[in-house]
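Visitor: The structure under discussion is supplied below as structure tokens; questions concerning it will follow.
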Amino acid sequence: MAYQHVVVPTDGAKITVNKDLSLTVPENPIVTFIEGDGIGVDITPVMRKVTDAAVARAYGGKRKIAWMEVYCGEKAAEKYAGDWFPAETLEAIKEFVVGIKGPLTTPVGGGFRSLNVALRQEMDLYVCQRPVRWFKGVPSPVKEPGKVNMVIFRENSEDIYAGIEWKADSPEAKKVVDFLQKEMGVTKIRFPDHVGIGIKPVSAEGTKRLVRKALQYAVDQDLPSVTLVHKGNIMKFTEGAFCDWGYEIARDEFGAKALDGGPWHSFQNPRTGKEILVKDVIADAMLQQILLRPDEYSVIATLNLNGDYLSDALAAQVGGIGIAPGANNSDAVALFEATHGTAPKYAGQDKVNPGSLILSAEMMLRHMGWNEAADLIISGVEGAIADKTVTYDFERLMTDAKLLSCSEFGDAIVAKING
Ligand SMILES: NC(=O)C1=CN([C@@H]2O[C@H](COP(=O)(O)OP(=O)(O)OC[C@H]3O[C@@H](n4cnc5c(N)ncnc54)[C@H](OP(=O)(O)O)[C@@H]3O)[C@@H](O)[C@H]2O)C=CC1
Ligand SMILES: O=C(O)CCC(=O)C(=O)O
Ligand SMILES: [Mg+2]
């Protein structure tokens, strides 16, 4: 398609999705990127530099990413006369199927809705996959961070993130309250006169497609358990149903059987013969379990809000959100991004840790099947940390570490990649 501001690189070729959803990746794939607001200007160029270095080193110049900038957030508003979310950005990410983004600002309370959530919803990127593991030498607030090795599968399209809510005192909120009281027999709205109302949709379809991915991941990676995290004791028909549907798909599609009458289940990994335990934990209890007994958890499948809370909490255990990567996937399109936000107080200072976005690029390379380059990124990050040459977030918690800027940390990783 013809784009207004997006310039398609002439030296690149399109990644295509095959019928079985595998990718055909040319030697010079076009990969879309959104720079991002706030610290996006600092971390995105560093991520590109490290990724290019890893690809060059791994394939000796035979392969090269053709980066294609697309716009969202503040930079889009400048380019597209106030449009923060240009339609052609969505079109380009969908057309070129693999992309990576910096963080985007969302105002609290009023203002526009989250552009990050809108990107996920518009492209139905229903899986938010966030691996959390410790890198040797990273300072952590817990005694044994090495026991943390989990992958969160966060449902990315439903829950209260669907954005169905009405402001207190608006005619819409009053209408919904009226409907609830008069037609649904609701008597428990504590202060009905000035109340904001939010609706939390959770469906069988949305739950099952997410839990299916989590179970399949456990099978493919030969992992010991999948834990369904929910608040089903309180929200029975949303969070409770998520848990029930999760077990149902484990039974129906993976042959899981209930253990001692349930609710926990298990099934045999068809590839390795090992048992995979399917269990559930209530969300508040899970927040203490990840601190006290992290080694008992491996793959986590959960709803949108629980997954948001869990990802930042788990990231803190292994060194903070400066080093927490992620992916947003549909069946065809993948958009990689850090777990953290725009950290506005550090914007433009060349200060923050680019690690989360670099490790998101590592996930992206693996998604493309470029595992050799992905491995080099991991060893580069490990090497820079082992040398205690780190950004402020790690340096302030380490003894005898050398403080590096964001770009210098990128250079230290590149030096390890080329070393
Ligand atoms: N996917 C996305 O694009 C996301 C966007 N957001 C948006 O970002 C904005 C700011 O959100 P906020 O709640 O402040 O959360 P942020 O994640 O942006 O920042 C919170 C704190 O986390 C630490 N931090 C974040 N990124 C890094 C990094 N790269 N290196 C080192 N430390 C880091 C900093 O801690 P310290 O102060 O201790 O140094 C920072 O003050 C909001 O508009 C929010 O909506 C939020 C989350 C995700
Ligand atoms: O979109 C936002 O502003 C926040 C999103 C977020 O916190 C997340 O995806 O983890
Ligand atoms: Mg978050």
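Laboratory data are not the source of any read-out in this text; all were calculated from the coordinates shown. This one's a predicted model, so the numbers in the text were calculated from it and none came from an experiment. Neighbour counts are summed over all protein chains in view; Cβ atoms, including those assigned to glycine, are modelled from backbone coordinates with ideal geometry.
Visitor: For the chain, set up a Gaussian network in which alpha carbons nearer than 10 Å are linked by springs, and say which option among 338, 173, 77 fluctuates the most.
Guide: Looking only at 338, 173, 77, the largest GNM fluctuation is found for 173.
Visitor: Between residue 378 and residue 402, what is the spin-label point distance in nm, taking each point 7 Å from the Cα along the Cα→C-beta axis?
Guide: About 2.6 nm separates the two model spin labels.
Visitor: Do the alpha carbons of any pairs in 136/345; 79/345; 14/94; 208/257 sit beyond 20 Å of each other, and which pairs?
Guide: Too far apart for the 20 Å limit: 136/345; 79/345.
Visitor: Please give the residues of the stretch 147-182, grouped as numeric ranges, whose backbone N is less than 11 Å from a label point set 7 Å along the Cα-to-Cβ vector of residue 189.
Guide: 166-182
Visitor: Moving on. Tabulate in residue order the Karplus-calculated ³J(HN,Hα) for the stretch 120-133, using 6.51 cos²θ - 1.76 cosθ + 1.60 with θ = phi - 60°, rounded to whole Hz; enter x for Gly and Pro.
Guide: 5, 6, 4, 9, 6, 7, 7, 10, 9, 9, 10, x, 10, 8
Visitor: Which length gain, in nm to one decimal place, applies between residue 21 and residue 312 when the Cα-Cα distance is subtracted from 0.36 nm times their residue separation?
Guide: 101.7 nm
Visitor: Of 251, 48, 130, 120, how do they rank once you tally other Cβ atoms within 10 Å and put the fewest first?
Guide: 251, 48, 120, 130
Visitor: Taking other Cβ within 10 Å of each residue's Cβ, how do 35, 88, 296 sort, fewest first?
Guide: Going from least to most buried by this count: 296, 88, 35.
Visitor: Apply the Karplus parameterisation 6.51 cos²θ - 1.76 cosθ + 1.60, with θ equal to phi minus 60°, to every residue of the stretch 154-166 and state each ³J(HN,Hα) to the nearest whole Hz, in sequence, with x for glycine and proline.
Guide: Taking θ as phi minus 60°, the curve returns 9, 5, 10, 10, 10, 6, 5, 6, 5, x, 8, 8, 10 Hz for the stretch 154-166.
Visitor: Moving to a separate point now. Using the count of nearby Cβ atoms within 10 Å as a rough guide to exposure, how do 217, 71, 59 rank from fewest to most?
Guide: Placing the least packed residue first, the sequence is 59, 217, 71.
Visitor: Between residue 133 and residue 331, how high is the FRET efficiency from 1/(1 + (r/R0)^6) when r is the Cβ-Cβ distance and R₀ = 35 Å? Nearest 0.05.
Guide: Efficiency at R0 = 35 Å is approximately 0.85.
Visitor: For residue 77 and residue 253, what does the FRET efficiency come to when R0 = 45 Å and r is the distance between their Cβ atoms, rounded to the nearest 0.05?
Guide: Approximately 0.55, to the nearest 0.05.
Visitor: Springs between alpha-carbon atoms under 10 Å, Gaussian network over the chain: tell me which of 68, 368, 184 tops the mean-square fluctuations.
Guide: For the chain, modelled as a Gaussian network with Cα springs under 10 Å, the answer is 184.
Visitor: Which value, in debye to the nearest 20, gives the size of the charge dipole of the chain about its Cα centre, when Lys and Arg are +1 and Asp and Glu are -1 at the Cβ?
Guide: So the magnitude is around 480 debye.
Visitor: Oh, and also: Treating cross-link reach as a plain straight distance, find the lysines whose alpha-carbon is under 22 Å from the alpha-carbon of residue 175, omitting any fewer than eight places away in the same chain.
Guide: Within the straight-line limit of under 22 Å, residue 175 reaches these lysines: 167, 188, 200.
Visitor: Right, something else. Can you tell me which of 144, 172, 78 moves the most in a GNM of the chain? Springs connect C-alpha atoms under 10 Å apart.
Guide: 172
Visitor: Label residue 236 and residue 112 with points 7 Å out from Cα along Cα→Cβ: what is the distance between them in nm?
Guide: If labels sit at residue 236 and residue 112, their model points lie 4.2 nm apart.
Visitor: Now a separate question. Please list, in order along the stretch 173-179, the HN-Hα scalar couplings obtained from phi with the Karplus expression 6.51 cos²θ - 1.76 cosθ + 1.60 (θ = phi - 60°), rounded to whole Hz, x for Gly and Pro.
Guide: In residue order, the calculated couplings are 4, 4, 5, 5, 4, 4, 4 Hz.
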